[in-house]
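The values are calculated or read from the model by the stated rules, or taken from the named source; none is laboratory data. Not measured: the values here are computed from a predicted model. Here Cβ is always computed from backbone atoms with ideal geometry, including for glycine, and neighbour counts include all displayed protein chains. For the accessible areas, the whole protein counts, side chains as well, though only heavy atoms, and no ligand, DNA or RNA atoms are used. Shrake-Rupley method; radii C 1.70, N 1.55, O 1.52, S 1.80 Å.
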Amino acid sequence: FGIRPGKSVSYLLHNCPETFFTIWGAEAVGIVNAINPLLRPDSIADIINAAGSEILVVPSRQAYPNIWQMLPEIREKTLTLKTIVEVGGDDQGGDGIYGFSTMIDRYPSDRLLSDEDRSLDDIVAYFHTGGTTGTPKLAQHTQYGQAYIAWAIAEALGMQTGRRMLCGLPLFHVNAVLVGGLAPLYNGATCVLAGADGFRNPTVVNNFWNIVDRHHVNFFSTVPTIYARLLDVPLAGANVHSLICGLCGASPMSVALFKEFEQRTGVKILEGYGMTEGVCVSTVNPRDGEQRIGSIGLRLPYQHMKVIEVDANGHWVRDCVVDEVGTLVLNGPNVLPGYRQEKHNQNIWPQQGWFNTGDLARQDKDGYFWLAGRSKDLIIRGGHNIDPTVIEEALTSHPAIELAAAVGKPDRDAGELPVAYVTLRPGITVSTDDLKSYARNKVADRAAAPVDIYVIDKMPVTAVGKIFKPTLRQDVLEKVVVSVLSTHDVLPQIHSVKAIHHEKHGLLAEIRMSASGDTEKLDFQKVIDKALEQYPIKHVIIME
């Protein structure tokens with residue numbers, strides 16, 4: 001189809017071998033562009049346009065009729081798209097639609113580019129990381145960045161020939177593409193695909209331990225949401241001794257969930273940290289060394305990381321000292337060269353070559369990194385990145401809404417859930433149920449639809465009139481803590497719940513209460529700790 005370096009192939013595929021063939025085939029000769037098939041057609045078209053793709057690979061119309069229902073609108077709204085390739089189809093060119101297997105059968109297998117045709121710095125992948133309607137933000141990966149990560153993951157996990165990685169996260173996400181696919185295959189290990197819909201299929205989760213037993217799985221990578229669900233799945237005699245460890249990242253995991261999972265299953269969890277802009281992984285707790293629960297671990301080899309202070313314009317001021325909270329920055333072979341659209345590259349480099357992650361963190365004296373909050377607006381729901389501007393843009397299109405701001409609400413299972421704060425136009429009233437229904441129909445990404453909407457009289461703003469989201473994050477944290485504790489007997493003794501910024505731990509809940517004696521104090525402490533331990537919430541109790 002004429003794909004060459006600089007030209008891209010987009011795909012809307014489930015988890016199947018052909019998805020990997022599409023990814024690696026496109027990367028071998030050009031660029032692959034991953035798209036979430038759960039997005040709405042107009043958003044999918046925006047991403048294809050941003051990538052400039054000429055080819056779109058889709059699943060068969062019999063298996064996924066919903067995608068084929070969207071195709072006419074997608075094709076109508078794209079500027080460069082010429083060809084549809086159908087996995088499982090046998091059409092041969094009618095209306096620009098071709099069968100995947102049919103086309104492979106028609107071509108010889110010796111059409112490889114020579115090494116001289118590609119550079120280590122060539123862009124081989126785009127991954128959508130946010131952006132407002134019509135202006136998607138596409139992170140770019142290089143050949144060298146992906147190859148480095150495939151090697152580094154193997155070093156961190158002990159991945160080698162004969163070992164098996166279970167891949168259950170969606171193959172439009174960097175974790176599945178790199179940790180679940182490229183890393184095992186690159187290092188001679190085996191990739192076990194957990195069905196077309198992976199961990200999104202309840203049957204897969206309910207049979208997880210049997211899958212591990214049958215396929216002798218050694219590794220898997222998932223998000224806290226899935227770990228929480230797996231606690232409800234009994235081992236029922238399944239032999240899981242093949243498991244060496246599970247990886248966890250993407251969103252905060254409570255210490256209680258971490259400990260309970262390891263105690264009940266005997267499976268070691270390695271908490272880590274990564275982002276699309278760093279080709280998926282930057283840190284991980286050591287497989288054989290000391291794991292510090294709650295930390296994101298140590299940096300990977302050749303992955304440079306540090307914590308810095310930045311000024312109001314995002315420029316480097318100084319490096320932070322041990323245990324001082326600041327902005328986390330990355331440098332190394334896996335760091336993206338920039339976003340595809342130049343307008344997204346403003347203020348992302350505090351220093352030459354150092355990428356601003358947007359996360360707040362500290363580094364202890366032994367090199368372990370600890371997250372302490374987020375300086376950028378991103379909401380992470382069960383490992384799924386949500387750009388709050390998508391929610392805000394949808395809500396402000398409602399005639400009753402004057403201002404809207406979306407933030408993450410701490411959640412026991414998903415880590416965070418999106419919520420929104422809105423102010424209404426003068427003289428207009430509307431119910432929050434109507435607003436939630438409107439948002440569900442308007443927000444392109446279904447996972448981004450706010451679970452709660454709070455109508456407030458006045459939006460908190462900075463001196464220059466910008467919405468001040470830290471105040472909203474504090475408010476929703478207080479709401480969650482009060483809601484959780486309301487189901488326990490301690491609430492009458494609580495004087496106040498206040499979200500505060502701690503210099504070392506970031507945002508935490510300060511709970512002030514009274515007790516009649518030491519025994520009662522201890523009892524209250526235990527009740528509160530137990531109630532909150534399943535949530536990614538740090539708290540402190542002050543007895544008055």
Any hit, the range 233-243, residues being in a helix (DSSP H, G or I) and either surrounded by fewer than 15 Cβ atoms within 10 Å (Cβ to Cβ) or of a type outside the set (A, V, I, L, M) (or both): no
Residues located in the range 214-266, provided they are over 21 Å from G198 (Cβ atoms), out of contact with any strand residue (DSSP E or B) (no Cβ under 6 Å at 6 or more places or on another chain) and touching a residue at least 40 places away in the same chain (Cβ under 8 Å): S254, V255, A256
Only listed residue being closer than 23 Å to S221 by Cα and open to solvent by less than 20 Å² (accessible area, probe 1.4 Å), chosen from Y368, Y339: Y368
Total residues in the range 504-544, condition of a type in the set (G, A, S) and farther than 12 Å from V490 by Cβ: 4
Test: residue in the range 382-399 that is in contact with a strand residue (DSSP E or B) (Cβ under 7 Å, 6 or more places away or on another chain), open to solvent by 30 Å² or more (accessible area, probe 1.4 Å) and in contact (Cβ under 8 Å) with a residue 60 or more places away in the chain: yes
Unique residue being of a type in the set (K, R), at pLDDT below 85 and either closer than 20 Å to L507 by Cα or in contact with a Gly (Cβ under 9 Å, 6 or more places away or on another chain) (or both) when the list is R446, R412: R412
Test: P460 is surrounded by fewer than 20 Cβ atoms within 10 Å (Cβ to Cβ), of a type outside the set (A, V, I, L, M) and within 30 Å of V307 (Cα to Cα): yes
Condition met for T142 (open to solvent by less than 30 Å² (accessible area, probe 1.4 Å) and farther than 11 Å from S221 by Cβ): yes
Condition met for V217 (farther than 25 Å from W370 by Cβ, of a type in the set (V, I, T), more than 21 Å from the chain's Cα centre (by Cα) and not in a loop (DSSP other than H, G, I, E, B)): no
In the range 184-222, the residues that are within 14 Å of L243 (Cβ to Cβ), open to solvent by 60 Å² or more (accessible area, probe 1.4 Å) and not charged (D, E, K, R): N210, H215, H216
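Select from the range 416-455 the residues that are assigned to a helix (DSSP H, G or I) and of a type in the set (A, V, I, L, M, F, W, C) and write down the one among them that is surrounded by the most Cβ atoms within 10 Å (Cβ to Cβ).
A439
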Given (1) assigned to a strand (DSSP E or B); (2) open to solvent by 60 Å² or more (accessible area, probe 1.4 Å); (3) acidic (D, E), number of the condition E510 does not satisfy: (2)
